[in-house]
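Notes for the one structure printed next.
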Amino acid sequence: MKITFILATTLLCSAYLFSIERPKKEQKQWTLVWQEEFNGSELDTAHWSRIPRGGSDWNNYMALHEGLVEVKDGNVILKAIENETFPQDTATYLTGGIWTKDKKAFENGRLEVRAKFTSAQGYWPAIWMVPGPIPYPYGGEIDIMEHLNHDNVVYQTVHSHYTINLKKEEPKRYATTPINPNEYNTYAVELYKDSVVYYTNGEKTLCYPKINGGKDGQFPFAYDPFFLYLDSQLGGSWVGAVNPAELPAEMRIDWVRFYKKRSK
């Protein structure tokens with residue numbers, strides 16, 4: 001049974017190998033339909049908002065204070081600092097993040113983000129997607145890039161009711177890929193009706209196929225558009241304790257681009 005299952009997932013994802021590892025002439029199948037180059041000196045509020053504080057590991061230090069999100073030199077800079085500047089805020093640390101929530105959604109295409117970030121103990125920059133307002137994890141979560149501490153790899157993962165609550169590990173739901181975090185790297189995901197396919201610097205890292213699930217099952221990723229989250233994060237059960245001596249830290253996003261496949 002397990003051999004049959006593995007064979008089925010391999011065959012389903014192999015259907016995309018031709019397009020994933022395609023020659024340059026076939027890259028013309030993609031058309032750029034939206035882009036954010038972060039030129040200028042202010043965030044484009046038609047598409048982006050700053051992320052407010054919440055009660056989860058990823059957003060419990062998020063703040064709207066000036067300077068945590070900066071548009072400069074063709075980048076948006078998302079900072080993570082020790083709080084020595086805002087005494088009215090009792091948080092030990094402060095982080096900046098932006099999202100397209102309720103403003104710009106993505107589905108059935110290829111999303112690319114070019115970014116670089118510093119490394120620090122307890123620092124956790126992330127590029128990810130969720131639908132709204134479906135409660136986590138039932139709508140699914142697509143982690144395009146997460147980096148921890150001083151790791152020399154990034155993590156690319158899908159989450160859902162199937163993987164979180166039911167704790168199912170097959171089909172394989174994550175990949176780790178070596179990178180140089182001090183340089184710009186391009187992270188991408190392709191969203192299909194029957195698979196989610198990840199890349200780092202143009203190389204395929206993971207294909208997660210639809211096997212037996214629907215919207216409330218193993219593959220919720222084809223039913224609702226997803227919003228994009230770009231954020232600096234500090235501390236938590238996964239990344240561990242923060243070393244304030246290694247702060248400030250930051251992630252710089254050079255651009256975001258979204259492509260659709262051309263009609264035949």
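The values are calculated or read from the model by the stated rules, or taken from the named source; none is laboratory data. Remember, it's a predicted structure, so these values are computed and weren't measured experimentally. Glycine gets a Cβ as well: all are built from the backbone with ideal geometry, and neighbour counts include every protein chain shown.
Structural remarks
- Annotation: Asp143 fulfils all but one of (1) within 15 Å of Phe219 (Cβ to Cβ); (2) free of Cβ contacts under 8 Å to residues at least 60 places away in the same chain; the unmet one is (1).
- Number of the condition not met by Asn243 [criteria: (1) surrounded by fewer than 16 Cβ atoms within 10 Å (Cβ to Cβ); (2) closer than 20 Å to Leu111 by Cα; (3) not hydroxyl-bearing (Ser, Thr, Tyr)]: (2)
- Condition broken by His150, with the remaining ones in (1) surrounded by 20 or more Cβ atoms within 10 Å (Cβ to Cβ); (2) under 29 Å from Glu82 (Cα atoms); (3) out of contact with any His (no Cβ under 9 Å at 6 or more places or on another chain) satisfied: (1)
- Region 73-109 - residue that is charged (D, E, K, R), closer than 25 Å to Leu148 by Cα and within 22 Å of the chain's Cα centre (by Cα) and, of those, surrounded by the fewest Cβ atoms within 10 Å (Cβ to Cβ): Lys101
- Test: residue in region 187-198 that is closer than 20 Å to Tyr123 by Cα and assigned to a strand (DSSP E or B): yes
- Whether a residue is hydroxyl-bearing (Ser, Thr, Tyr) and surrounded by fewer than 18 Cβ atoms within 10 Å (Cβ to Cβ) was assessed, and Tyr187 does not pass this test.
- Annotation for region 92-109: at least one member residue is more than 30 Å from Phe258 (Cα to Cα), β-branched (Val, Ile, Thr) and part of a loop (DSSP other than H, G, I, E, B).
- Scanning region 44-67 for residues that are over 19 Å from the mean Cα position of the chain (by Cα) and either farther than 14 Å from Thr100 by Cβ or buried (at least 17 other Cβ atoms within 10 Å of the Cβ) (or both) gives Gly55, Ala63, Leu64, His65, Glu66, Gly67.
- Inter-residue pairs, beta-carbon under 8 Å, first within 13 Å of Phe221 (Cβ to Cβ) and small (Gly, Ala, Ser) and in region 161-173, second modelled with pLDDT of 95 or more and surrounded by 14 or more Cβ atoms within 10 Å (Cβ to Cβ), 6+ apart: none
- Entirely in region 24-91, the strands (runs of 3 or more DSSP E) that have 2 or more residues that are modelled with pLDDT of 95 or more and either closer than 26 Å to Glu107 by Cβ or aromatic (Phe, Trp, Tyr) (or both): 30-36, 75-82
- Hits in region 113-165 (condition: more than 10 Å from the chain's Cα centre (by Cα) and of a type in the set (D, E, K, R)): Arg114, Lys116, Asp151
- The residue list Ser237, Ser232, Ser263 contains one member that is of a type in the set (Gly, Ala, Ser), exposed (fewer than 15 other Cβ atoms within 10 Å of the Cβ) and in contact (Cβ under 8 Å) with a residue 12 or more places away in the chain, which is Ser237.
- Restricting attention to region 192-227 and to residues that are under 16 Å from Ile144 (Cα atoms) and in contact with an Asp or Glu (Cβ under 6 Å, 6 or more places away or on another chain), the residue that is surrounded by the fewest Cβ atoms within 10 Å (Cβ to Cβ) turns out to be Pro225.
- Only one of the numbered conditions (1) without any contact (Cβ under 8 Å) to a residue 12 or more places away in the chain; (2) in contact with a strand residue (DSSP E or B) (Cβ under 7 Å, 6 or more places away or on another chain) is violated by Ile77, and that is (1).
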